[in-house]
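To start, the structure under review is shown below, and the notes come after it.
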């Protein structure tokens, strides 16, 4: 990013050149409106045109680069001079400065200056305190405490745990002493006991409790779709309603360890799921809902479900599956790469099998196709539902579409007597 050199007074202030600052001010020179807009506390409002936005970024970058690793005395002088010229009570704590700030603010006097001069709402207080703990600088934690950053017991105890877990003995000792000196331990104990009682007595089916386990949202028709599992059990029963509202759908990747924006622990838990019970209210299951749930050995398909969606199941623990008559379509790659699957029985009523539905189910030995089947993709690597199922024998009815398909696509098959 280019530096900004168009403002003489800003350059003099950042250089802490007192004589030049005095000369420029005597001649009537002030900070340009662009500089003031970029560095004042309300600079978070994005400029309306790209040229102004680029100038703001250049100014903030120049400011950050110039102040990085400044000695405390110079830093404080620069901030005080700048704030005086901005005609503003506080300086904008830009994302550029925020990203560099842990290496900037490592002396108590500098931290005091930052808290006094900058927009505190944009300061990542947790990040700074963790950085100070990493460096075992308890003096900086004392400044944080003086300004109320450790006033909340939860935040204070979080920092104590962080210091202890990372073997930062000086900071851990200071934080514990601070707690003993300032905390109303009796009141905190009573509060904690009340919270524990509320949790023990809480209705496990209340919306508050269910929110701890499930991520969900309302659908356009006013029902609920489950979009994620946040619990810690390997066997799960999905609720049929939440807050009196019916659960009618399971969202894309809802149980899959491949879902985006989930923690590593949640990802591992999803890989270990063994049993999922879905309520009969579910009418739709999203794409890849159980994808890569390789430990899953038991799951039911609700009666209202009419389609097995794309990539829905990816199971190594299930050897046999029956697809009921309520299902009308088996979606593309629905059972992609399930090597443990041996037997599939598809009941009358199913009309279509999607592309690569059983692709690379290398252990698959038998698939029963009903008379109702009317559409199966042709036998090519990209489309065949049974590609790489080398052990497979397809069971069909004499004279059915399925028999014709097997003949035309060189699939190994047998006629069912029943």
Item to check | Rounded to 10°, Cα long-axis angle of helix 125-134 versus longest principal axis of the chain | outcome: 80 degrees
Checklist entry - So what is the diffusion coefficient of the chain in µm² per second by Stokes-Einstein at 25 °C and 0.890 mPa s, using a Kirkwood Rh over Cα pairs? => result 90 µm²/s
Checklist entry - Taking only DSSP H segments of four or more residues, each worth -39500 (n - 2.57), what value at 222 nm results for the chain once the sum is divided by all its residues, to the nearest 500 deg cm²/dmol? => result -11500 deg cm²/dmol
Item to check | Share antiparallel - DSSP beta bridges, the chain, percent rounded to 5 | outcome: 20 percent
Checklist entry - Rounded if a/c is under 1.5, else prolate if a/b beats b/c, else oblate: with a ≥ b ≥ c from the C-alpha gyration tensor eigenvalues square-rooted, which is the stretch 358-418? => result oblate
Checklist entry - Which shape class, rounded, prolate or oblate, goes with the stretch 120-263 when its Cα gyration tensor gives a ≥ b ≥ c as root eigenvalues, a/c under 1.5 marks rounded, and past that a/b bigger than b/c marks prolate? => result prolate
Checklist entry - Once both labels are modelled 7 Å past Cα along the beta-carbon direction, what's the residue 277-residue 393 spacing in nm? => result 3.7 nm
Checklist entry - Relative contact order, percent, of the chain when contacts are C-alpha pairs under 8 Å separated by at least 6 residues? => result 6 percent
Next on the checklist: At a 10 angstrom cut-off on C-beta neighbours, averaged per residue, how do the peptides 353-359, 76-82, 306-312 rank from highest to lowest?
Outcome noted: 353-359, 306-312, 76-82
Checklist entry - Rounded, prolate or oblate: which one fits the stretch 8-185, using the alpha carbon gyration tensor with axes a ≥ b ≥ c (rounded when a/c is under 1.5, else prolate when a/b beats b/c, else oblate)? => result prolate
Checklist entry - With the contact rule set at Cα under 8 Å and sequence spacing of 6 or more, what percent relative contact order holds for the stretch 8-185? => result 17 percent
Checklist entry - So how far apart, in nm, are the two label points at residue 182 and residue 219 if each is 7 Å from Cα heading toward Cβ? => result 5.1 nm
Next on the checklist: I want to verify the translational diffusion coefficient of the stretch 207-415 in µm²/s; compute it with Stokes-Einstein, Rh as the Kirkwood radius over Cα pairs, at 10 °C and 1.306 mPa s.
Outcome noted: 90 µm²/s
Item to check | Globularity index of the stretch 327-376, i.e. its alpha-carbon radius of gyration over 2.2 N^0.38 Å | outcome: 1.07
Checklist entry - How high is the relative contact order of the stretch 207-415, in percent, counting Cα pairs under 8 Å that sit 6 or more residues apart? => result 11 percent
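Quick note: the coordinates plus some simple rules give every number you see, no bench work behind them. In this text, all values refer to a predicted model and were calculated from it rather than measured experimentally. Using ideal geometry, Cβ is built from the backbone for each residue, glycine included, and neighbour counts are taken over all protein chains shown.
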